[in-house]
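**Student:** Mind having a look at this structure? Questions to follow.
The values are calculated or read from the model by the stated rules, or taken from the named source; none is laboratory data. Not measured: the values here are computed from a predicted model. A quick note on method: Cβ atoms are made from the backbone with ideal geometry, for glycine too, and the neighbour counts reach across all protein chains shown.
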Amino acid sequence: MNTMKPGHPTNASRLRELLYTRTISIPGAFNALIAMQIERAGYEAVYVSGAALSACRGVPDIGLLTLADVADEAGRIARSVSIPTIVDADTGYGGPSVVCEAVRAFEEAGLAGMQIEDQEPAKKCGHLPGKRLIPVGEMASKIEAAVRAKTDRAFMIIARTDARAVEGIEGAVARAIAYAEAGADALFPEALGSADEFERFARAIRGAGVTVPLVANMTEFGKTPLLSCAEFASLGYRGVLFPVTALRTALRAIEALLAELKLFGTQRDWLHHMMTRKELYRLLRYPESLDSQAEDVWVQQ
């Protein structure tokens, strides 16, 4: 629950200020420890990807996680850092009344904003074919309900549209404008196929008089080419998500380690790839709870 006194900045208000001020990179964290690394590396916000959370539970990103599942893990991630955290809420877990519950759950868990998308409940990864969308009015009703449910008015409702693959870029623009009119605090066009499409989308949104921040998904191996944050900034986007980048990198490194460990029976040649005990304890802020004598013990290990 938001415990900040009235007038004091919250993480939601910090996130809002960031996205209205400049373009920021927002890496994805799949657990609290990774979020702590993201903060320590100097990033200003964290993203909790539904795809990453699903993968860590051994299931695909098809809407199998419940609101309770995601609120629990996203809250744990948000509370581990002082920077704002955005959570991927998939399709909102149901109709407008359930979306209201989601907003309250995520606010209570310490999130700064949530993203909802306009796919049907049996959703797919945004970069896969065969997606099906709900009607514009139905999505607008979810957004309106989410806005009404907020207790911290700065909490951000980020509306994602997957319309590019189904209705073309014009459909994505029309839906995004409708979602902004319904009260969305930011707009997120998923799976655009080129820098030109991102520019066209941003130009059309601004041409319609919509001024909320735009968010881009810079995921790997999808429909979107690998663009830099500077390139997205020049195209008019303020938040650039890297939702599964850390997870994919970690999985590849672990795969290589396990193969060599099985072959040679030792991890000796991998020590230079590892975070040391001392470094891990520092990341965990462990010394802060120890007296000086105990600290000397772990430094020597």
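**Student:** Got a number for residues in segment 81-117 being closer than 16 Å to E190 by Cβ, free of Cβ contacts under 8 Å to residues at least 60 places away in the same chain and among the charged types (D, E, K, R)?
**Tutor:** The number of residues fulfilling the criteria is 1.
**Student:** Look through L19, L15, L33, L111 and report the one residue that is touching a Ser or Thr at 6+ places or on another chain (Cβ under 6 Å) and at pLDDT 95 or above.
**Tutor:** Numbers: L19 fails: touching a Ser or Thr at 6+ places or on another chain (Cβ under 6 Å); L15 fails: touching a Ser or Thr at 6+ places or on another chain (Cβ under 6 Å); L33 fails: touching a Ser or Thr at 6+ places or on another chain (Cβ under 6 Å).
That would be L111, the only listed residue that is touching a Ser or Thr at 6+ places or on another chain (Cβ under 6 Å) and at pLDDT 95 or above.
**Student:** Please indicate, with yes or no, whether at least one residue in segment 90-99 is over 21 Å from V215 (Cα atoms), of a type in the set (F, W, Y) and under 17 Å from the mean Cα position of the chain (by Cα).
**Tutor:** Within segment 90-99 (the criterion being over 21 Å from V215 (Cα atoms), of a type in the set (F, W, Y) and under 17 Å from the mean Cα position of the chain (by Cα)), the answer is yes, since at least one residue qualifies.
**Student:** In addition: Among the residues of segment 249-270, is any surrounded by 11 or more Cβ atoms within 10 Å (Cβ to Cβ), assigned to a loop (DSSP other than H, G, I, E, B) and touching a residue at least 40 places away in the same chain (Cβ under 8 Å)?
**Tutor:** No; the residues of segment 249-270 include none that is surrounded by 11 or more Cβ atoms within 10 Å (Cβ to Cβ), assigned to a loop (DSSP other than H, G, I, E, B) and touching a residue at least 40 places away in the same chain (Cβ under 8 Å).
**Student:** Would you confirm whether or not segment 148-169 contains a residue that is on the phi > 0 side of the Ramachandran plot and in contact with a helix residue (DSSP H, G or I) (Cβ under 8 Å, 6 or more places away or on another chain)? Show your work before the answer.
**Tutor:** First, pick out the residues of segment 148-169 that are on the phi > 0 side of the Ramachandran plot: 168.
Filter again for in contact with a helix residue (DSSP H, G or I) (Cβ under 8 Å, 6 or more places away or on another chain), leaving none.
Checked against the condition, which is being on the phi > 0 side of the Ramachandran plot and in contact with a helix residue (DSSP H, G or I) (Cβ under 8 Å, 6 or more places away or on another chain), segment 148-169 yields no hits at all.
**Student:** Is it the case that E108 is outside the structural domain of R282 (by TED's automatic domain parsing) and either in a loop (DSSP other than H, G, I, E, B) or surrounded by 17 or more Cβ atoms within 10 Å (Cβ to Cβ) (or both)? If you could, list the steps in order and put the result at the bottom.
**Tutor:** Details: outside the structural domain of R282 (by TED's automatic domain parsing): yes; either in a loop (DSSP other than H, G, I, E, B) or surrounded by 17 or more Cβ atoms within 10 Å (Cβ to Cβ) (or both): no.
So E108 fails the test.
**Student:** Which of the helices (runs of 4 or more DSSP H) found entirely inside segment 125-231 contain at least 2 residues meeting this: touching a residue at least 40 places away in the same chain (Cβ under 8 Å), hydrophobic (A, V, I, L, M, F, W, C) and surrounded by fewer than 24 Cβ atoms within 10 Å (Cβ to Cβ)? Show your work before the answer.
**Tutor:** On the way: elements: 136-149, 164-181, 195-207.
Result: 136-149, 164-181.
**Student:** Another question, if that's okay. Please verify whether V99 is hydrophobic (A, V, I, L, M, F, W, C), within 23 Å of L133 (Cα to Cα) and crowded, with 24+ Cβ neighbours inside 10 Å, treating the condition exactly as stated. Before the answer, list the steps.
**Tutor:** On the way: hydrophobic (A, V, I, L, M, F, W, C): yes; within 23 Å of L133 (Cα to Cα): yes; crowded, with 24+ Cβ neighbours inside 10 Å: yes.
Taking the combined requirement at face value, the residue satisfies it.
**Student:** Looking only at segment 111-124, count how many residues are in a loop (DSSP other than H, G, I, E, B) and closer than 20 Å to V173 by Cα.
**Tutor:** The initial filter retains those residues of segment 111-124 that are in a loop (DSSP other than H, G, I, E, B), namely 111-112, 118, 120-124.
Keeping just the survivors that are closer than 20 Å to V173 by Cα gives 118, 120.
The total comes to 2.
**Student:** Here's another thing I want to ask about it. Given E167, E120, which one is acidic (D, E), over 17 Å from the mean Cα position of the chain (by Cα) and under 21 Å from A216 (Cβ atoms)? Break it down into steps so the answer makes sense when it comes.
**Tutor:** On the way: E120 fails: under 21 Å from A216 (Cβ atoms).
After ruling out the rest, the residue left standing is E167.
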